[in-house]
């Protein structure tokens, strides 16, 4: 990450925005949770999950807006990968290589860094200070813990929006939609 974040951005680099993809659909689903969803076998279980957890989702959306407003200005942004999780790291004889660059954007470095912390896996931040201090020492960038939290929350809400949308619209039973329901409910466990 350090080398990537130090790289000069190419002239065609796109800057990220701090909007939540799928937010309008997630908010529409929350507003529609009092009416039965009859669009497929997983629609009602998804609706019941949203009924039980609507206050939590509303709190997360409010927190998201507050954290987005506090993100550093664009002058501090760097080239980021966007998804540097283990599934996008290829081990080669020359060392690890990041793959799947379709999410690359100019953004705060924390957009990548949160995935290198225990927060990515829902664990307590036991060794995060070591990783983040090393990054700060090597780059001179002071890691904003609030921006790390923003990106963790962004990921959670973006996933909730995707899974809710998939299950609220017409679908059939199958392993992909089964996974969508499982992942949706897992965020609340």
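Read-outs throughout are calculated quantities, based only on the coordinates presented, and are distinct from any laboratory measurement. Since this is a predicted model, take the numbers as computed values, not measurements. No Cβ is skipped: glycine too gets one built from the backbone with ideal geometry, and neighbour counts run over all protein chains shown.
Below are the figures for this structure:
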| item | result |
| --- | --- |
| Helical contribution to [θ] at 222 nm, DSSP H n ≥ 4, -39,500 (n - 2.57), averaged over the chain, rounded to 500 | -15500 deg cm²/dmol |
| FRET efficiency estimate (nearest 0.05) - Cβ-Cβ, residue 65 to residue 142, R0 30 angstrom | 0.80 |
| Kirkwood Rh, angstrom, the range 20-104 [1 / mean 1/r, Cα pairs] | 16.6 |
| Helix 43-69 axis, angle to the chain major axis (alpha carbon atoms, nearest 10°) | 30 |
| Relative contact order of the chain, pairs being alpha-carbon contacts under 8 Å that are 6 or more residues apart, as % | 33 |
| Gain upon complete extension [residue 3, residue 101; 0.36 nm per residue less C-alpha separation] | 33.7 nm |
| Sorted by Cβ density within 10 Å, fewest first, the residues 117, 130, 103 | 130, 103, 117 |
| Label-point separation, residue 28 to residue 118 (7 Å along Cα→Cβ), nm | 4.1 |
| Simple label model, 7 Å out from Cα along Cβ direction - residue 35 to residue 182, nm | 3.2 |
| Overall Cα dimensions of the chain - principal axes, largest extent first, Å | 53, 39, 38 |
| Within the chain, percent of DSSP bridges classed antiparallel, to nearest 5 | 90 |
| Cα-based convex hull volume of the range 86-181 per residue, rounded to whole Å³ | 152 |
| Degrees separating the helix 128-139 axis from the principal Cα axis of the chain, which is the longest one | 40 |
| Between helix 175-186 and the chain: long-axis angle, C-alpha atoms, 0 to 90°, nearest 10 | 80 |
| Spin-label proximity, residue 15 to the range 86-117 - amide N less than 17 Å from point 7 Å beyond Cα toward beta carbon | 104-111 |
| q = 0.14, 0.19 Å⁻¹, the range 128-189: log10 I(q)/I(0) [Debye, one scatterer per Cα] | -0.58, -0.74 |
